[in-house]
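Report on one structure; see the data block that follows.
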Amino acid sequence: MGNIWLCTHTATAYMDIKTRINQITFFWLDIKNILVFPEGTRVAPGVVKPFKVGVARMAKELDLLVVPVVNNAGYCMPRSSYMLYPGIVEVIIDKPLKAEINEPADKFTARIEEVVRRNLAKISK
């Protein structure tokens, strides 16, 4: 079984969920891990926008685990700039999460978001 690595506070490229699932399904034999950014955009350090349900839908559709990852790289790579600043980036990789049988995507998304918010609170500024 592969994993979806769920990262926050990093640059993203937009692609709608149906396109993602179609592309991922097509290449699934070669893919072991998928990296996605659930907020749909970069945000300021310490800020968490509501997650979109696409990550949960993709995980359920492809029967994948979601590995929540948080970091404070936004202090070294601010949202409004391409400049890099010196600093120490902390990363927390939590245990993989699996959607429960018949768990709606929005409930799974809320569970994922809760883990991310809890871990983000642990990272120093």
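Numbers for the structure displayed
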quantity: Exceeding the 18 Å Cα-Cα cut-off - candidates K98/K122; K60/K98; K60/K107; calculated: K98/K122
quantity: Distant-in-sequence amide H partners of L35 (H built 1.01 Å from N, under 5 Å); calculated: W5
quantity: Accessible area in the full protein assembly, largest first, 1.4 Å probe, for E90, E103, E114, E61; calculated: E61, E114, E90, E103
quantity: Residue-span extension gain [I88 to R118] - 0.36 nm each, minus C-alpha spacing; calculated: 8.8 nm
quantity: Calculated FRET value between L35 and S80, using beta carbons and R₀ = 22 Å, to 0.05; calculated: 0.45
quantity: For the range 66-107: relative contact order, % (alpha-carbon pairs under 8 angstrom, 6 or more apart); calculated: 47 percent
quantity: ³J(HN,Hα) computed for each position of the range 117-122 - Karplus, 6.51 cos²θ - 1.76 cosθ + 1.60, integer Hz, glycine/proline x; calculated: 4, 4, 5, 4, 5, 7
quantity: Nonlocal amide H pairs with L97, under 5 Å, H built at 1.01 Å; calculated: V66, V67
quantity: Model label zone, E100; criterion: amide N under 17 Å from point 7 Å along Cα-to-beta-carbon; scope the range 48-83; calculated: 56-57, 60, 66
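The values are calculated or read from the model by the stated rules, or taken from the named source; none is laboratory data. Keep in mind the model is a prediction, meaning the values are calculated, not measured. Glycine also receives a Cβ, built like all others from the backbone with ideal geometry; neighbour counts cover every protein chain displayed. Each accessible area value is taken on the protein alone, full model and side chains, heavy atoms only, with ligands, DNA and RNA left out. Shrake-Rupley method; radii C 1.70, N 1.55, O 1.52, S 1.80 Å.
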